[in-house]
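Here the structure is laid out as structure tokens; the discussion comes afterwards.
Please treat every number below as a calculation from the coordinates, not as lab data. Please read these numbers as outputs of a predicted model, since none were measured by experiment. Quick reminder, even Gly has a Cβ in these numbers, built from the backbone with ideal geometry, and neighbours come from all protein chains shown.
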């Protein structure tokens with residue numbers, strides 16, 4: 001039984017990247033996981049992904065491009081405001097403007113830079129660099 005499906009997905013992606021695989025399969029899928037993968041894809045960390053509905057949670061086939069150094073879920077899911085993004089950047093990212101923090105806001109899932117530009121706080125979900 002999975003306690004945190006998002007952490008499982010990011011762990012599988014991180015391990016597959018470290019091994020040099022070109023793709024990986026993940027089960028189950030959810031709208032939150034797909035939103036996080038959309039952000040990773042738009043920032044050039046992963047390639048495309050395909051969702052296959054099998055009637056038992058869905059299956060994701062993710063194409064990897066070898067651009068991830070490290071990614072993971074942030075636990076506990078810290079609440080953050082606009083003024084405290086820099087503190088979490090220093091904690092989870094290796095350098096300024098290198099990598100992304102993924103945040104769940106009331107306007108949807110987005111990166112910390114987008115949330116900072118829109119003046120939104122939220123809950124930290126994941127990091128990737």
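Observations, loosely collected:
- Of the residues 75, 116, 96, the one with the fewest other Cβ atoms within 10 Å heads the list, and the complete ranking is 96, 75, 116.
- Helical runs (DSSP H, four residues minimum) scored at -39500 (n - 2.57) apiece and divided by the length of the chain put the mean residue ellipticity at 222 nm at -9500 deg cm²/dmol.
- Compactness of the range 5-64 as Cα Rg over 2.2 N^0.38 Å, two decimals: 1.02
- Computed over the chain: relative contact order in percent, which uses C-alpha pairs under 8 Å that are six or more apart: 24
- Put the Cα centre of the range 1-19 next to the Cα centre of the range 84-113 and the gap is 20 Å.
- Burial ordering of 9, 109, fewest other beta-carbon atoms within 10 Å first: 109, 9
- Theoretical FRET efficiency, 1/(1+(r/R0)^6), r = Cβ-Cβ of residue 48 and residue 75, R0 25 Å, to 0.05: 0.35
- Neighbour counting of Cβ atoms within 10 Å sorts the residues 17, 114, 86, 53, fewest neighbours leading, into 53, 86, 114, 17.
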